[in-house]
Amino acid sequence: LRCQAAPRPRACHGWQVPMKSGSLSCILPCNRLPVQLMSQVRVYTSNGQKKDLGSEDTNGSARGETLHKVETGQDTTNAGQKQSSPKQPIQVKVKAVLKKREYGPKYTQNNFITGVRAINEFCLKSSDLDQLRKIKRRSPHDDTETFTVYLRSDVEAKSLEVWGSPEALARERKRRKEAEIKYRENLFRNQRLLWEYKEFFGNTKPRSSTAAMFFKGPGKVVMVAICINGLNFFFKLLAWVYTGSASMFSEAIHSLADTCNQALLALGISQSARTPDPSHPYGFTNMRYISSLISGVGIFMMGAGLSWYHGIIGLLHPHPVESLLWAYCILAGSLVSEGATLLVAINEIRRSARAKGLSFYQYVVQSRDPSTNVVLLEDAAAVLSVAVAATCMGLTSLTGNPYYDSVGSLGVGTLLGTVSAFLIYTNTEALLGRSIEPEQLQRLTELLESDPVVRAIHDVKATDMGMSKVRFKAEVDFDGRVVTRSYLEKQDIEQLLQEIQQVKTLEELEAFMLKHGENIIDTLGAEVDRLEKDLKQRNPDVRHVDLEIL
């Protein structure tokens, strides 16, 4: 703070203004005398020392004495003159600030690490950790409330004590890293050995969850479709060999494509049941969408492509068709079997859509269950293609014109191409990570905004990760007063008041603020956990919640 009285251009006979600068009190005459006062800024460190800033502070007392002498002389000469201006006291404040602590570019002395990290990264044993300070902290996991952590500085000191030097610790880390790489290289060989000796313990193991998935829900639908389409392919192939019909060839290729694609869906269902690992922390649920996408591409290339090719060849090089009696019988059987599989898929989708509160159309378009969707659309296309093939073959048998049969093959190919395009589009949208419905997003937003601890939320994103799993992210502006009040409600106010009254020095003030500041931050973390838990309980589809504090 700098106060400067500049000289005025007009003459002045003299006036008196009392000024206070720290302990300096004087009366200044106005006789074209430049006056400059510098107020002191004192910096207090945590050890109680104070430091005066500014080079002009040392000259402040000398200036005060000089001004006091000038004031005394002027006061004797102008004693009888009338005062020309009123007295205006100038208040100079002394500012006390806490010295900023420099932490440097890397500071890990107050970091907490878990016991697993201490053992793995610092090559310690569990018995070594028993001698260190144990700190209970709030757990980041839903199944436990608190867990034990250690100060990183204590763990580093213990590792140096155990290994003797940083070089020895680095050598041990390198040795363990090489052993881990060697273990990974032998992992495939170990799995093969376990597979060879599985008969020794296979009967004692319970049925895996992967195998159980094919006895209910989408897995059951896929397995039924694989069996029926496999039989249809076999009989249609025999009918094509007997009759030479282009439409029957298209139907055989269609059944083969359906069988292969549904086998691929079964593989996707089994892979989606794998548990998350460090490389895939969100699991493998998207494997169903990947297999459905490949299935759609396979339908387009194998089913539609070969049907179009055979139909074009039939138009360019027509040949007479043999007796179609067996072809009609096989088509009739195929219509019954494909219709039965279609009914199984429809019933499964209706049940799942009712459980989600969606209509049949919304469930199919949103690709909530890609495996069942593929079976539904493939079987629907199969029923329609059987009708198209039977109609074209009937026209050929009535008119004797083989062009109708080739046109039927082109129609079946076009139908398969439409189904494959729809499957490719819906599964690509799901893999890209589309947003959830606006109504559902509005419910999640209102739930957060209705909480008293939340002032506002910004940058809200809710992504459908597939298979009814939603990831919710938002930046939350928390009300610090409500968080502080929530902390105070759990404290003994009288004891807290006594602690405040006992604060006399800067060291005591710093210790008081650090203690309760850390507790308030923990309270804020507990509020974040509570909000995340409420979001998951009221919206079961929300599996992952990321709330960022503004």
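The values are calculated or read from the model by the stated rules, or taken from the named source; none is laboratory data. Since the model is a prediction, treat every value here as computed from it, not as a measurement. In this analysis, Cβ positions are derived from the backbone assuming ideal geometry, glycine residues included, and neighbour counts consider all displayed protein chains. Each accessible area value is taken on the protein alone, full model and side chains, heavy atoms only, with ligands, DNA and RNA left out. Shrake-Rupley method; radii C 1.70, N 1.55, O 1.52, S 1.80 Å.
Take the conditions surrounded by fewer than 17 Cβ atoms within 10 Å (Cβ to Cβ) and at pLDDT below 85 and apply them to ARG137. Does it pass?
yes
Write out, first by first residue and then by second, each pair whose Cβ atoms fall under 6 Å of each other, whose residues are 6+ apart or on separate chains, and whose first residue, in the range 324-345, is under 18 Å from CYS392 (Cβ atoms) and assigned by the TED database to the domain that holds PHE249 while the second is of a type outside the set (Gly, Ala, Ser) and open to solvent by 50 Å² or more (accessible area, probe 1.4 Å).
Close Cβ pairs (under 6 Å, with a partner that is of a type outside the set (Gly, Ala, Ser) and open to solvent by 50 Å² or more (accessible area, probe 1.4 Å)) amount to TRP326/TYR242; ILE330/PHE235.
If I filter the range 353-371 down to residues being part of a helix (DSSP H, G or I) and touching a residue at least 40 places away in the same chain (Cβ under 8 Å), which single residue comes out as farthest from SER397 (Cα to Cα)?
Here the residue is LYS356.
Any residue at all in the range 293-302 that's touching a helix residue (DSSP H, G or I) at 6+ places or on another chain (Cβ under 6 Å) and part of a loop (DSSP other than H, G, I, E, B)?
Looking for residues that are touching a helix residue (DSSP H, G or I) at 6+ places or on another chain (Cβ under 6 Å) and part of a loop (DSSP other than H, G, I, E, B), one finds none in the range 293-302, hence no.
For the range 183-216, give me the residue count where each residue is modelled with pLDDT of 75 or more, part of a helix (DSSP H, G or I) and surrounded by 10 or more Cβ atoms within 10 Å (Cβ to Cβ).
Adding up the residues that qualify gives 1.
Being among the aliphatic types (A, V, I, L, M) and either in contact with a Cys (Cβ under 8 Å, 6 or more places away or on another chain) or outside the structural domain of SER245 (by the TED database) (or both) is the filter here, so list the residues in the range 396-422 that pass it.
Matches in the range 396-422: VAL407 only.
Suppose we keep only residues that are part of a loop (DSSP other than H, G, I, E, B) and in contact with a Ser or Thr (Cβ under 7 Å, 6 or more places away or on another chain) within the range 466-505. Which one would you say is surrounded by the most Cβ atoms within 10 Å (Cβ to Cβ)?
Residue satisfying both the conditions and the ranking: GLY466.
Mind counting the residues in the range 402-429 that are more than 22 Å from ALA257 (Cβ to Cβ) and in a helix (DSSP H, G or I)?
Of the residues in the range 402-429, 3 are more than 22 Å from ALA257 (Cβ to Cβ) and in a helix (DSSP H, G or I).
Among (1) modelled with pLDDT of 80 or more; (2) surrounded by 15 or more Cβ atoms within 10 Å (Cβ to Cβ), where does HIS317 come up short?
Only one criterion is unmet by HIS317, namely (2).
Could you check the range 390-406 and list, in sequence order, the residues that are in contact with a Ser or Thr (Cβ under 7 Å, 6 or more places away or on another chain) and either open to solvent by 60 Å² or more (accessible area, probe 1.4 Å) or within 24 Å of VAL336 (Cβ to Cβ) (or both)?
CYS392, MET393, TYR404, ASP405
What tally of residues in the range 431-460 results from selecting those that are touching a strand residue (DSSP E or B) at 6+ places or on another chain (Cβ under 7 Å) and part of a helix (DSSP H, G or I)?
Summing the residues that are touching a strand residue (DSSP E or B) at 6+ places or on another chain (Cβ under 7 Å) and part of a helix (DSSP H, G or I) in the range 431-460 gives 5.
Which one of these is touching a residue at least 12 places away in the same chain (Cβ under 8 Å) and open to solvent by 20 Å² or more (accessible area, probe 1.4 Å): TYR282, TYR289?
TYR282 is the lone residue from the list that is touching a residue at least 12 places away in the same chain (Cβ under 8 Å) and open to solvent by 20 Å² or more (accessible area, probe 1.4 Å).
Counting just the residues of the range 429-462 that are farther than 22 Å from LYS356 by Cα and not hydrophobic (A, V, I, L, M, F, W, C), which one comes out most open to solvent (accessible area, probe 1.4 Å)?
My answer is ARG455.
Among the residues of the range 419-426, are any modelled with pLDDT of 85 or more, over 23 Å from GLY296 (Cβ atoms) and among the hydrophobic types (A, V, I, L, M, F, W, C)?
no
In the set SER153, SER159, SER127, which member is among the hydroxyl-bearing types (Ser, Thr, Tyr), at pLDDT 85 or above and either closer than 30 Å to ARG530 by Cα or more than 35 Å from the chain's Cα centre (by Cα) (or both)?
Going through SER153, SER159, SER127 in turn, just one is among the hydroxyl-bearing types (Ser, Thr, Tyr), at pLDDT 85 or above and either closer than 30 Å to ARG530 by Cα or more than 35 Å from the chain's Cα centre (by Cα) (or both): SER127.
Got a number for residues in the range 466-485 being touching a helix residue (DSSP H, G or I) at 6+ places or on another chain (Cβ under 9 Å) and under 30 Å from ALA353 (Cα atoms)?
Total meeting the criteria: 6.
Go through (1) charged (D, E, K, R); (2) in contact (Cβ under 8 Å) with a residue 12 or more places away in the chain; (3) outside any strand (DSSP E or B); (4) surrounded by 15 or more Cβ atoms within 10 Å (Cβ to Cβ) one by one and return the number of the condition LYS536 breaks.
That leaves (2) as the condition not met.
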